C-alpha cells in the first residue's frame with residue numbers, strides 16, 4: 001500500500017509515521033495488504049503531515065475545502081504525537097525520503113472540462129490526448145490533470161518522485177493541429193512547447209472542434225479546472 005509515497009504495511013491512522021518521526025520499530029510481514037478509504041487517509045494527513053497534508057487530497061482527487069468527508073475527532077492522535085515529541089513531516093521528507101516530490105508548486109488539479117467533455121489521456125500506449133465524456137471520479141486516473149506554476153500540464157496522473165518524468169500536454173509545432181502527450185524531458189528535447197497559459201495571450205489555443213482536441217487560432221473557448229489551489 002502507498003499513501004503519498006510511503007510504502008509498506010500501513011497501520012490505522014498512520015502509526016508507521018511514528019517509526020520514523022517518533023522512534024520505535026516495525027515488523028515487515030510479507031504479502032500483507034491493508035485497504036484504506038479516503039477518510040482514513042485524510043485522518044493520517046491531518047495528524048501527521050503538517051503543511052503537506054493536502055497532498056492526500058491530490059492523490060484522491062478530493063477538494064482541499066468543503067469535500068464533505070467527516071474525518072472525525074483526531075485531537076487524541078495529535079496529543080499522542082505531542083507526547084512522543086515526533087519530528088515534523090518536513091524532517092521526514094528531508095532526511096528519510098528526499099526523493100519524494102513535495103508537489104508544492106501545483107495550482108490546479110482534477111478534471112478539466114469544456115462543453116461537457118474532459119481532457120483524457122487517450123488510448124495507451126499512445127501520445128494523443130482526446131476529448132471524452134467526463135468520468136474522472138472513477139478509480140482510473142486517465143482524466144486526472146495537474147497544472148504547475150511553471151505552466152506544465154500533466155494528464156493521467158502525476159509522479160511522486162523527483163527523478164520520475166511526468167507526461168506533459170504538448171504543442172508539437174506549427175504543422176501539427178493535434179496536441180501531444182509526451183514525457184516532459186522528451187518533449188523539450190524534440191523542441192515541443194510544454195508550457196501553457198490560461199490567459200489566452202497567445203494566438204494558438206487548445207480547443208475542441210467537432211468533439212476533438214485541436215490546437216488552433218483562439219476562438220474564445222474557456223476550460224474549467226475542477227479544483228483550484230490558488231489563482232493563476
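Readers should treat all values here as calculations from the given coordinates under stated rules, not as data from a laboratory. Values in this document were obtained by computation on a predicted structure and should not be read as measured data. Using ideal geometry, Cβ is built from the backbone for each residue, glycine included, and neighbour counts are taken over all protein chains shown.
Simple spin-label estimate for residue 176 and residue 115 gives 2.2 nm between the two label positions (7 Å along the Cα-to-Cβ direction from each Cα). Each of 186, 46 has some number of other Cβ atoms within 10 Å of its Cβ, and from fewest to most they run 186, 46.
For residue 38 and residue 96, what does the FRET efficiency come to when R0 = 30 Å and r is the distance between their Cβ atoms, rounded to the nearest 0.05?
Working: r = 25 Å, r/R0 = 0.82.
Step by step, r from the Cβ atoms, then E = 0.75.
Report the residues of region 112-137 in range of a label on residue 197: point 7 Å along Cα→C-beta, backbone N strictly under 14 Å from it. Answer for this model: none.
Using R₀ = 22 Å, calculate the FRET efficiency as 1/(1 + (r/R₀)^6) where r is the Cβ-Cβ separation of residue 76 and residue 135; round to 0.05.
Efficiency, from the Cβ-Cβ distance: 0.05.
Extension gain for the segment residue 128 to residue 230, taken as residue separation times 0.36 nm less the Cα-Cα distance, is 33.9 nm to one decimal. As a ratio to 2.2 N^0.38 Å, the alpha-carbon radius of gyration for region 114-180 is 1.14.
Scaling against 2.2 N^0.38 Å puts the C-alpha radius of gyration of region 114-232 at 1.01. Were the residues from residue 149 through residue 212 laid out at 0.36 nm apart, the gain over their Cα-Cα distance would be 20.0 nm. Summarising the label geometry, the points placed 7 Å from Cα in the beta-carbon direction at residue 69 and residue 221 lie 3.2 nm from one another.
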